[in-house]
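J.: Below you will find the structure I want to go over with you.
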Amino acid sequence: MNENITIKDVPKERMLCLSGKDFSETKALEIINQEIIWLAQKGIGIADLPLAIVNEDKTFDVCAPIKEEKIKEEGDYKIKILPSHRIATILHNEPDKPLSFAQEFLERRLKYDGFTLLKPYRYIFRQNPQNPEKPFVEIQIPVHKQS
């Protein structure tokens, strides 16, 4: 696991989202593929890397950042605006360890450093050149720290 934690601000983003239940990396990747195909059929590309937003009850939205203003909601495909906020990130790049391993490390470290953890968490799937079937996952936790 990469133990480098980064704190950064993310801007407000316009997203095309599909919902799922019982989050897993496999389910999220299946939905990402479905979204990208749907957008490609409409001649629209994504503006950045797709991400999953996971709620405490394990329901989740898989979202693809889009800049195209003309695109409309259709069926299960919803348009959402994600607010800007401060996040802490860590990269999970060990396919032999569960995602929860890196997430728990990040949570403990942030709490130790005095941050309040906010919900929902985000997971960004990055291409793994050594194993395209198993992407790297950037875990993003919204945070707040009193000055």
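Read the figures in this text as sums done on the coordinates, not as results from a lab. These figures come from a predicted structure and were not determined experimentally. Here the Cβ positions follow ideal geometry from the backbone for every residue, glycine too, while neighbour counts run over all protein chains shown.
J.: Using a Förster distance of 22 Å, how high is the FRET efficiency between residue 118 and residue 9, based on the Cβ-Cβ distance and rounded to 0.05?
T.: My answer for the efficiency is 0.95.
J.: Taking the chain on its own, what percent of its Cα-Cα pair distances exceed 28 Å? Numbers along the way, then the final one.
T.: Values: 1991 of 10731 pairs.
When all Cα pairs of the chain are counted, 19 percent exceed 28 Å.
J.: Can you tell me the orientation of helix 99-112 relative to the chain, as the angle in degrees between its alpha-carbon axis and the longest Cα principal axis, to the nearest 10?
T.: In the chain, helix 99-112 runs at an angle near 50 degrees to the longest axis.
J.: Oh, and also: Tell me the angle of helix 25-41 to the major Cα principal axis of the chain, expressed in degrees between 0 and 90 and rounded to the nearest ten.
T.: 30 degrees
J.: Let me ask another. Which order do the peptides 109-116, 31-38 come out in when sorted by mean C-beta neighbours inside 10 angstrom, highest first?
T.: 31-38, 109-116
J.: Something else: With an 8 Å cut-off on Cα pairs and a minimum separation of 6 or more residues, tell me the relative contact order of the chain in percent.
T.: The value is 30 percent.
J.: Taking 0.36 nm per intervening residue step and subtracting the Cα-Cα distance, what contour gain separates residue 56 from residue 104 on full extension? Numbers along the way, then the final one.
T.: On the way: separation 48, 0.36 × 48 = 17.28 nm, distance 1.45 nm.
Here the segment from residue 56 to residue 104 would lengthen by 15.8 nm.
J.: Name the most mobile residue of 11, 135, 120, meaning the one with the largest mean-square fluctuation, in a Gaussian network model of the chain with Cα contacts below 10 Å.
T.: Looking only at 11, 135, 120, the largest GNM fluctuation is found for 11.
J.: Taking the mean number of other Cβ atoms within 10 Å as a proxy for protection, how do you rank 78-89, 48-59 from highest to lowest?
T.: Packing proxy ranking, top to bottom: 48-59, 78-89.
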